[in-house]
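Written below as structure tokens is the structure these notes are about.
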Amino acid sequence: MSNVGKRYNSADAGENYDVIIIGSGMGGLTTASLLSKAGKKVLVLEQHYTAGGFTHSYSRKGYEWDVGLHYIGDVHKPNSPLRIMYDLITDGNLKWAYMDEVYDRIIIQDNEYKFKAGAENFKSEILQHFPGEGEAIDKYLRLLTEVNYLAMPAFISERMTPEFFSGVTSLLTQPILKKYFGQTTLQVLSEITSNQKLISVLTGQWGDYGLPPSRSSFAMHAVVAHHYLDGGNFPVGGASNIARTIEKVINKSGGKILTGKKVDEILIKSGKAVGVRIETGDEILAGQIVSATG
């Protein structure tokens, strides 16, 4: 599979651009796509040999390997917000393959616990291993729903509320946020079951968000677990096809993704960013500069 973006050269850099974006991870590429769809000529600059951040892939001995993407939930539903977003930034050119109904396997010693798509399938599969824990599993699934439909909207509302109005919204949101964000995953699950092996199984996806149950916020765990509850999907053509389909949108408006050279400096004139200086010494000017370097 070919790399995403074109190797940097001074001739391409010498063109006029409306916007320069530094960094080609999903934040930078999403911004570039939306600006391109608004009619802007966008230049994306990436120091790596290929664009895409954690969506990029590499080849070894004829096989392609993805470096970051594992699976994505919800995009098999045409009207889900995530699917709508991907369709928007790729002009609908990114296709998805729904994975097997078993979207995760938790293996503890010689035992394998399957996570099957759909709340009822999930419950019935786990009950086969923990027949006396039906009530705990039901409560766990209810908590996942509560976090996603109560706690996350409360969190977003609090962060987006104008400062002068934040005191009022905090009265409504803080009790909810404290309940779910203020406790670890282990604390919450220990309140619904004393079965440590069941807790280990239910938290088996913690690698997806990077903190063990004793340290992670239950809200974070619940968002991830709920996201995959209806199954996982993988982009047709591999993870790099996400960036590749976005590149077509950028090119369509006359823009480019250039790779292989580092931006050394953002040029400032009269207190305003007006361009960038590349490690080659080239200077590229644009009306707007966006840093998406993480």
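If you check Ile106 against the conditions, is it of a type in the set (A, V, I, L, M, F, W, C) and either part of a helix (DSSP H, G or I) or at pLDDT below 95 (or both)?
no
Scan Thr280, Thr193, Thr259, Thr293 and give me the residue that is closer than 30 Å to Ser10 by Cβ, surrounded by 19 or more Cβ atoms within 10 Å (Cβ to Cβ) and among the hydroxyl-bearing types (Ser, Thr, Tyr).
The unique qualifying residue is Thr259.
Which number in (1) farther than 30 Å from Leu29 by Cβ; (2) without any contact (Cβ under 8 Å) to a residue 12 or more places away in the chain marks the one condition that Tyr140 misses?
Tyr140 satisfies every listed condition except (2).
Write out, first by first residue and then by second, each pair whose Cβ atoms fall under 6 Å of each other, whose residues are 6+ apart or on separate chains, and whose first residue, in the stretch 18-47, is of a type in the set (S, T, N, Q) while the second is part of a helix (DSSP H, G or I).
Cβ pairs passing all conditions: Thr30/Ile89; Ser33/Ile89; Ser33/Ile246; Ser33/Val249; Ser36/Val249; Ser36/Ile250.
Quick one: Tyr58 ticks every box in (1) in the same structural domain as Ser253 (by TED's automatic domain parsing); (2) at pLDDT 95 or above; (3) surrounded by 12 or more Cβ atoms within 10 Å (Cβ to Cβ); (4) not acidic (Asp, Glu) except a single one, so which number is it?
Going through the list (1) in the same structural domain as Ser253 (by TED's automatic domain parsing); (2) at pLDDT 95 or above; (3) surrounded by 12 or more Cβ atoms within 10 Å (Cβ to Cβ); (4) not acidic (Asp, Glu), Tyr58 breaks only (2).
Name every residue in the stretch 108-132 that is of a type in the set (A, V, I, L, M) and either farther than 23 Å from His70 by Cα or surrounded by fewer than 11 Cβ atoms within 10 Å (Cβ to Cβ) (or both), in order of residue number. Break it down into steps so the answer makes sense when it comes.
Of the residues in the stretch 108-132, the ones of a type in the set (A, V, I, L, M) are 108, 117, 119, 126-127.
The answer is Leu127, and nothing else.
Hey, can you tell me all the residues within the stretch 274-291 that are assigned to a strand (DSSP E or B) and touching a Ser or Thr at 6+ places or on another chain (Cβ under 8 Å)?
The initial filter retains those residues of the stretch 274-291 that are assigned to a strand (DSSP E or B), namely 274-278, 283-291.
Across the stretch 274-291, the qualifying residue is only Val290.
In the stretch 1-50, which residue that is modelled with pLDDT of 95 or more and among the polar types (S, T, N, Q) is nearest to Val263 (Cα to Cα)?
Checked the stretch 1-50; the qualifying residue nearest to Val263 (Cα to Cα) is Gln47.
Going by the structure shown, is Tyr8 within 16 Å of Ile278 (Cβ to Cβ), surrounded by 20 or more Cβ atoms within 10 Å (Cβ to Cβ) and more than 14 Å from the chain's Cα centre (by Cα)?
So Tyr8 fits the description; yes.
What number goes with the only condition from (1) outside any helix (DSSP H, G or I); (2) more than 17 Å from Val223 (Cα to Cα); (3) modelled with pLDDT of 95 or more that Ile126 does not pass?
(1)
Taking the stretch 197-215 as the search range and keeping residues that are under 19 Å from Ser124 (Cα atoms) and without any contact (Cβ under 8 Å) to a residue 40 or more places away in the chain, which one is nearest to the chain's Cα centre (by Cα)?
Here the residue is Thr203.
Please indicate, with yes or no, whether at least one residue in the stretch 65-76 is over 16 Å from the mean Cα position of the chain (by Cα) and hydroxyl-bearing (Ser, Thr, Tyr).
There is no residue in the stretch 65-76 that is over 16 Å from the mean Cα position of the chain (by Cα) and hydroxyl-bearing (Ser, Thr, Tyr).
Name the single residue, out of those in the stretch 26-48 being of a type in the set (Ser, Thr, Tyr) and buried (at least 24 other Cβ atoms within 10 Å of the Cβ), that is farthest from Gly68 (Cα to Cα).
Ser36
The values are calculated or read from the model by the stated rules, or taken from the named source; none is laboratory data. What you are looking at is a predicted structure, and each value in this text was computed from that prediction instead of being measured. Neighbour counts are summed over all protein chains in view; Cβ atoms, including those assigned to glycine, are modelled from backbone coordinates with ideal geometry.
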